[in-house]
Amino acid sequence: MENLLSKSALVMFSSKMGSLLRAMPFIFISLICLPDLVSAQPQLNRADELAVEFNGKYGQIEVGGDYAGAEFHDSRPVPSRISFYYPVANSIDLSTDYWKRAESRPFIITAKVDGKVDTIGDHPCEYSWTPYAAHFHYTGSGFKAEIAYQFCSNIPFMVVKIRFTNTSAKTEKFRAATSLAMTLRTCQTYAWRDTASVSHSRNGGLYVADFRYRDTDSASVIVANVGDQSTLEPVPDTRNVVEGNPVARFSYSLNLRPSASFEIIQLVGSCRSSEVDGMVPKALRSWKKNAERNRDRILDYVYRSAVINVPDKNLEHTALWSKAMLATDRHYINGSIVPMPCPAEYNFFFTHDVLLTDLGAVFYDLPRVKHDLDFIRSITHGDSILPHAYYWRDDGFKTEFAAADNWNHLWFMIVCGTYLKHSNDTATLNLLYPILKKSAEMALSNLGPGGLAYSTRPDWWDIGNNYGARSYLTALMVRALREFSYVALVLRKDGQFASSCLATSDDLQSRLEDKLWNSKVGYLLNTIDTNRVDYHYYAGSLVAVDFGVLSRSKSDSLLQTAQRELLDPNLGLRNAMPDNFDTLSSLYRFVPGEAGGPYVYMNGAVWPHTNAWYILALIELNHVNEAYNALGKFLSIGGIERSPHGQPSFYEYRFSDPGSSGYGRIDKPNFLWAGGWYLNCLYHLVGVRENEWNISLTPRLPDGFENVSYNLTSGGKELAVSWKGKGRYFRRISVDGKNVHSAIVLGKGKKIDVERGAPDSPYLAHAACVVDGVHYNERSGRFDITVEGMNGEKGSVTVISTKPIHRALIGGDDAASRIDTTDDQGVYTSTLKFVFRNKTEKVQLSF
């Protein structure tokens with residue numbers, strides 16, 4: 001089925017829609033959705049530690065909670081867009097052009113002091129923010145104002161606090177007013193709904209607009225004053241008055257002494273019209289507790305889960321910020337709370353965004369990944385085809401499904417494999433297996449001429465319609481099929497099919513180099529219309545380096561070419577170059593304007609995952625100091641703020657035209673998968689590695705990282721990992737105080753202590769197969785490794801020792817001739833390659 005809901009299509013507000021299968025009703029319950037089960041203690045000091053300040057006058061932020069979100073532009077203290085997620089994803093947004101959405105001004109605040117009227121929101125402000133709250137500071141004539149936004153758990157409301165302080169030397173008559181344009185935009189179609197049945201009550205302190213349209217799910221928008229009612233100017237109660245373009249207006253007045261303050265507090269939210277009478281009293285009664293609960297839930301997640309200690313405060317803070325984003329960027333949809341890309345933009349469930357984020361979360365938060373995979377399974381239909389997107393449209397919740405050339409199939413296989421390695425959760429994988437196998441089958445059906453992976457879309461994009469061979473998809477498929485085979489091996493399922501997937505993966509790896517490697521430019525390129533070379537450089541080719549699919553020489557060449565052709569020295573790796581896709585709409589069959597202008601969006605902008613792929617490629621090739629610098633410069637909160645047009649935030653993309661005054665401009669600063677990719681990179685930087693068969697540790701850490709610590713999931717639990725020392729080898733690896741002679745993490749014990757230096761004894765450094773056990777007998781010098789695989793599977797093990805191997809057996813047969821050994825000043829690296837003849841093989845080495 002064609003994927004109609006691309007993010008780029010949303011950008012263009014396209015109404016294109018084909019026939020869609022109807023989503024099955026589903027109510028999803030998980031610990032992630034139950035704040036009452038989480039220890040939630042007030043942590044105001046930690047909120048201050050997490051928060052960042054910005055006075056650059058051009059900032060964009062998005063903040064939100066489970067039920068609402070708000071988007072701000074140009075450092076203005078009033079939102080350009082308010083997104084509701086309950087009952088469905090309606091929005092307040094007055095923009096008519098996506099690229100000019102900063103011009104939307106639905107919320108207005110005015111103050112009149114000493115006869116002068118000041119419109120708060122016309123000018124930029126200093127602000128501090130976290131992913132879940134924002135606090136603006138405004139200075140007016142004779143007063144100052146603080147405008148804060150918070151979000152509630154359990155009730156669908158945003159809290160707006162406006163505190164005025166008299167900064168003059170005399171008592172002043174203060175008059176303040178707020179107005180909120182309540183015209184709704186519907187989910188997905190973004191249609192205008194501008195007529196409502198309006199009611200005032202509570203002496204003018206409550207305003208309710210009922211939008212009785214099917215495509216809004218009969219939503220009501222509510223604005224309730226919950227602050228000091230004595231300052232509110234009364235308005236007669238009215239009920240069910242039909243209004244076009246309804247606006248909630250409130251006025252306040254009082255005499256204010258010098259240095260005295262007064263505060264306006266409003267709740268802005270949405271529910272079904274039939275629920276208003278019950279929802280309003282509950283909100284008036286519990287809003288403060290719910291706002292605190294939302295904050296404390298997020299801070300609990302940030303500070304109590306997998307704290308990473310490294311000798312760099314910027315990287316540590318960015319790790320905390322990333323976890324705050326992962327805890328914040330989730331919303332209500334049809335009875336579930338699930339991850340979504342942003343607090344206010346892209347208010348849909350996208351499988352792709354969740355999978356990429358969970359590649360970072362899996363290192364420390366297994367319940368989250370299980371929750372996400374279970375939700376994907378819940379919206380999958382009987383044919384087991386993987387969902388691509390899930391959202392409300394017109395009259396119900398819709399599910400789009402991934403076509404055969406959709407990258408979601410491949411990422412799904414990779415995430416399932418990595419989740420199983422970290423969790424040993426065979427029960428969940430057994431439930432997911434029908435979808436997993438269907439994804440493998442559909443991906444295999446997508447192989448085209450030359451045995452390569454083909455797509456109508458360039459690289460990782462979700463736009464375009466030009467069928468050709470794709471380096472990104474082919475490299476990704478190499479890894480994905482191996483991850484599928486790993487899952488099938490562990491689950492004891494479909495041995496013959498899994499073996500054929502391994503063989504196809506090996507063939508794809510060879511064909512990728514043979515057919516898509518361009519020696520003239522030193523890069524993996526794509527084709528146009530199956531036979532012409534596409535001479536654009538796409539960032540997606542770097543995944544071939546990240547996953548070790550290319551030879552070392554070609555990996556080095558590809559990285560150098562990417563640095564020459566794609567790397568911006570201040571912002572990071574561009575998505576693609578040259579930036580001329582806006583002139584090639586007919587060739588690639590883009591909707592006009594869809595790719596963006598030069599250096600915008602898909603057309604040469606910098607994205608977080610392209611920077612992550614670059615950093616991971618540096619790490620894979622052991623350029624760890626360069627990777628450390630790149631992570632701090634291109635993908636950390638402090639580094640991004642210090643860059644051109646920077647601000648303390650992440651981004652969906654950055655405008656990368658170095659000749660423009662907007663060079664470095666950020667769009668969508670609270671973008672979910674940016675946090676996931678950052679955590680993925682950070683775990684790799686501190687020595688964690690993962691191939692399709694196992695999790696391991698490597699001594700290749702940046703200079704200065706002698707003492708680091710973190711939590712790492714393995715065997716279904718969190719292990720505390722502590723490092724000391726320096727050097728290119730491990731002196732000792734201990735689990736609960738016992739030397740285990742293995743850098744492969746086998747999920748045993750509670751604490752891993754790692755010391756780098758000259759090896760004390762042999763250890764298993766790497767394995768291209770499943771490892772069941774490692775045992776070293778110091779007295780006899782015998783080193784045993786138990787491995788598992790499929791009949792005919794190629795495997796290998798690499799052992800580090802201070803003595804050469806003088807005898808090697810596999811399955812009882814002599815294997816000494818298959819060992820390749822290098823000598824580094826008395827430290828021996830020995831690799832034994834073999835083919836599985838039995839499901840379980842024993843490798844016996846003697847020193």
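Quick check on my filter: what residues within region 325-345 are of a type in the set (Val, Ile, Thr) and either open to solvent by 10 Å² or more (accessible area, probe 1.4 Å) or farther than 19 Å from Asp300 by Cβ (or both)?
Within region 325-345, the subset of a type in the set (Val, Ile, Thr) is 328, 333, 337-338.
Listed by number, the residues that qualify are Ile333, Ile337, Val338.
How many of the residues in region 86-107 are more than 13 Å from Trp192 (Cα to Cα) and of a type outside the set (Lys, Arg)? Break it down into steps so the answer makes sense when it comes.
Within region 86-107, the first condition is being more than 13 Å from Trp192 (Cα to Cα), and the residues that meet it are 86-89, 97-107.
Cutting the leftovers down to of a type outside the set (Lys, Arg) gives us 86-89, 97-99, 102-104, 106-107.
Residues that pass the stated criteria total 12.
Where in region 790-847 are there strands (runs of 3 or more DSSP E), lying wholly inside it, with at least 3 residues that are within 26 Å of Glu483 (Cβ to Cβ) and at pLDDT 95 or above? Please lay out each step first, then the result.
Numbers: elements: 794-801, 807-810, 819-824, 827-835, 840-846.
In region 790-847, 794-801, 827-835, 840-846 are the strands (runs of 3 or more DSSP E) which contain 3 or more residues that are within 26 Å of Glu483 (Cβ to Cβ) and at pLDDT 95 or above.
So Tyr190 passes all but one of these: (1) free of Cβ contacts under 8 Å to residues at least 60 places away in the same chain; (2) among the hydroxyl-bearing types (Ser, Thr, Tyr); (3) open to solvent by 10 Å² or more (accessible area, probe 1.4 Å). Which condition number does it fail?
It is condition (1) that Tyr190 fails.
Would you confirm whether or not region 459-479 contains a residue that is at pLDDT 95 or above, open to solvent by 10 Å² or more (accessible area, probe 1.4 Å) and in a helix (DSSP H, G or I)?
yes
Determine, yes or no, whether Trp673 is touching a helix residue (DSSP H, G or I) at 6+ places or on another chain (Cβ under 7 Å), modelled with pLDDT of 95 or more and not acidic (Asp, Glu). Working first, answer last.
Working: touching a helix residue (DSSP H, G or I) at 6+ places or on another chain (Cβ under 7 Å): yes; modelled with pLDDT of 95 or more: yes; not acidic (Asp, Glu): yes.
For Trp673, the condition - touching a helix residue (DSSP H, G or I) at 6+ places or on another chain (Cβ under 7 Å), modelled with pLDDT of 95 or more and not acidic (Asp, Glu) - is met.
Could you check region 668-708 and list, in sequence order, the residues that are open to solvent by less than 30 Å² (accessible area, probe 1.4 Å), in contact (Cβ under 8 Å) with a residue 60 or more places away in the chain and assigned to a strand (DSSP E or B)?
Val688, Ile695, Ser696
How many residues are of a type outside the set (Val, Ile, Thr) and within 25 Å of Val490 (Cβ to Cβ) when one looks only at region 812-847?
10
Across region 624-654, what is the number of residues that are open to solvent by 10 Å² or more (accessible area, probe 1.4 Å), of a type in the set (Ser, Thr, Tyr) and outside any helix (DSSP H, G or I)?
2
Going through Tyr628, Tyr614, Tyr651 one at a time, which residue ends up being touching a strand residue (DSSP E or B) at 6+ places or on another chain (Cβ under 6 Å), at pLDDT 95 or above and more than 27 Å from Phe72 (Cβ to Cβ)? Quick ask: steps written out before the conclusion?
Numbers: Tyr628 fails: touching a strand residue (DSSP E or B) at 6+ places or on another chain (Cβ under 6 Å); Tyr651 fails: more than 27 Å from Phe72 (Cβ to Cβ).
Answer to the selection: Tyr614.
Working only within region 101-146, note down all residues that are open to solvent by 10 Å² or more (accessible area, probe 1.4 Å), touching a Gly at 6+ places or on another chain (Cβ under 9 Å) and outside any strand (DSSP E or B).
Once the filter is applied, which keeps residues that are open to solvent by 10 Å² or more (accessible area, probe 1.4 Å), touching a Gly at 6+ places or on another chain (Cβ under 9 Å) and outside any strand (DSSP E or B), region 101-146 yields Arg105, Asp114, Pro124, Tyr132.
Using beta carbons and a limit of 6 Å, which pairs, at least six apart or on different chains, have the first residue in region 635-646 and of a type in the set (Val, Ile, Thr) and the second one assigned to a loop (DSSP other than H, G, I, E, B) and surrounded by 18 or more Cβ atoms within 10 Å (Cβ to Cβ)?
Within 6 Å, the pairs are Ile637/Pro648; Ile640/Gly646.
Test of understanding: among Glu594, Glu626, which residue is farther than 30 Å from Arg689 by Cα and either of a type in the set (D, E, K, R) or more than 21 Å from the chain's Cα centre (by Cα) (or both)?
Values: Glu626 fails: farther than 30 Å from Arg689 by Cα.
The conditions single out Glu594.
Take the conditions in contact with a Phe, Trp or Tyr (Cβ under 7 Å, 6 or more places away or on another chain), open to solvent by less than 10 Å² (accessible area, probe 1.4 Å) and hydrophobic (A, V, I, L, M, F, W, C) and apply them to Met577. Does it pass?
Numbers: in contact with a Phe, Trp or Tyr (Cβ under 7 Å, 6 or more places away or on another chain): yes; open to solvent by less than 10 Å² (accessible area, probe 1.4 Å): no; hydrophobic (A, V, I, L, M, F, W, C): yes.
So Met577 fails the test.
Any idea how many residues of region 159-183 are outside any loop (DSSP other than H, G, I, E, B), open to solvent by 10 Å² or more (accessible area, probe 1.4 Å), over 15 Å from Gly140 (Cα atoms) and not aliphatic (A, V, I, L, M)?
So the answer is 2.
Among the candidates Pro234, Pro246, Pro258, which residue alone is under 28 Å from Thr186 (Cα atoms) and not small (Gly, Ala, Ser)?
Working: Pro234 fails: under 28 Å from Thr186 (Cα atoms); Pro258 fails: under 28 Å from Thr186 (Cα atoms).
Only one candidate passes the filter, namely Pro246.
Which ones in region 437-458 are open to solvent by less than 50 Å² (accessible area, probe 1.4 Å) and among the basic types (Lys, Arg)?
Matches in region 437-458: Arg457 only.
Residues of region 795-847 being in contact with a Pro (Cβ under 9 Å, 6 or more places away or on another chain), surrounded by fewer than 17 Cβ atoms within 10 Å (Cβ to Cβ) and not acidic (Asp, Glu), which ones?
Thr802, Lys803, Thr821, Val827
One line per residue, one yes/no per condition, for (1) in contact with a Gly (Cβ under 9 Å, 6 or more places away or on another chain); (2) aliphatic (A, V, I, L, M); (3) buried (at least 19 other Cβ atoms within 10 Å of the Cβ); (4) touching a residue at least 40 places away in the same chain (Cβ under 8 Å):
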site: Lys398; (1), (2), (3), (4): no, no, yes, yes
site: Ala402; (1), (2), (3), (4): no, yes, yes, yes
site: Leu410; (1), (2), (3), (4): no, yes, yes, yes
site: Ile414; (1), (2), (3), (4): no, yes, yes, yes
site: Asn424; (1), (2), (3), (4): yes, no, no, yes
site: Ala427; (1), (2), (3), (4): no, yes, no, no
site: Asn430; (1), (2), (3), (4): no, no, no, yes
site: Ile435; (1), (2), (3), (4): no, yes, yes, yes
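Kindly provide the set of residues from region 338-388 that are in a strand (DSSP E or B) and either among the acidic types (Asp, Glu) or farther than 28 Å from Ala319 by Cα (or both), ordered by number. Steps first, please.
First, the residues of region 338-388 that are in a strand (DSSP E or B): 338-339, 349-350, 387-388.
If the condition is that a residue be in a strand (DSSP E or B) and either among the acidic types (Asp, Glu) or farther than 28 Å from Ala319 by Cα (or both), then Pro387, His388 are the ones that fit.
The conditions are (1) part of a helix (DSSP H, G or I); (2) touching a residue at least 24 places away in the same chain (Cβ under 8 Å); (3) surrounded by fewer than 21 Cβ atoms within 10 Å (Cβ to Cβ); (4) of a type outside the set (Asp, Glu), and Pro281 fails exactly one of them. Which is it?
(2)
Looking at this structure, is Val521 open to solvent by less than 50 Å² (accessible area, probe 1.4 Å), farther than 20 Å from Met442 by Cβ, touching a Ser or Thr at 6+ places or on another chain (Cβ under 8 Å) and in a helix (DSSP H, G or I)?
Numbers: open to solvent by less than 50 Å² (accessible area, probe 1.4 Å): yes; farther than 20 Å from Met442 by Cβ: yes; touching a Ser or Thr at 6+ places or on another chain (Cβ under 8 Å): yes; in a helix (DSSP H, G or I): no.
Spelling it out, it is not the case that Val521 is open to solvent by less than 50 Å² (accessible area, probe 1.4 Å), farther than 20 Å from Met442 by Cβ, touching a Ser or Thr at 6+ places or on another chain (Cβ under 8 Å) and in a helix (DSSP H, G or I).
Counting just the residues of region 295-324 that are open to solvent by 20 Å² or more (accessible area, probe 1.4 Å) and aromatic (Phe, Trp, Tyr), which one comes out farthest from Leu672 (Cα to Cα)?
Among them, the one singled out is Tyr303.
How about region 709-744: which of its residues are part of a strand (DSSP E or B), closer than 23 Å to Ile619 by Cα and open to solvent by 20 Å² or more (accessible area, probe 1.4 Å)?
Selection gives Ser709, Asn711, Ala720, Ser722, Lys724, Gly725, Arg731, Arg732.
Scan region 529-546 for residues that are open to solvent by less than 30 Å² (accessible area, probe 1.4 Å), touching a helix residue (DSSP H, G or I) at 6+ places or on another chain (Cβ under 7 Å) and under 18 Å from Tyr454 (Cβ atoms) and jot them down.
Tyr538, Gly540, Ser541, Val543, Ala544
Output yes when any residue across region 550-571 is among the hydrophobic types (A, V, I, L, M, F, W, C), open to solvent by 30 Å² or more (accessible area, probe 1.4 Å) and outside any strand (DSSP E or B), and no when none is. Outline the logic, then answer.
Just the residues of region 550-571 that are among the hydrophobic types (A, V, I, L, M, F, W, C), to begin with: 550, 558-559, 562, 566-567, 571.
Those left that are additionally open to solvent by 30 Å² or more (accessible area, probe 1.4 Å): 567.
This time we only want the ones that are outside any strand (DSSP E or B), so: none.
Looking through region 550-571, none of the residues is among the hydrophobic types (A, V, I, L, M, F, W, C), open to solvent by 30 Å² or more (accessible area, probe 1.4 Å) and outside any strand (DSSP E or B).
The values are calculated or read from the model by the stated rules, or taken from the named source; none is laboratory data. A quick note: this is a predicted structure, and the numbers were derived from the prediction, not measured. A quick note on method: Cβ atoms are made from the backbone with ideal geometry, for glycine too, and the neighbour counts reach across all protein chains shown. Calculation scope for accessible area: heavy atoms of the full protein, side chains included, ligands and nucleic acids excluded. Shrake-Rupley method; radii C 1.70, N 1.55, O 1.52, S 1.80 Å.
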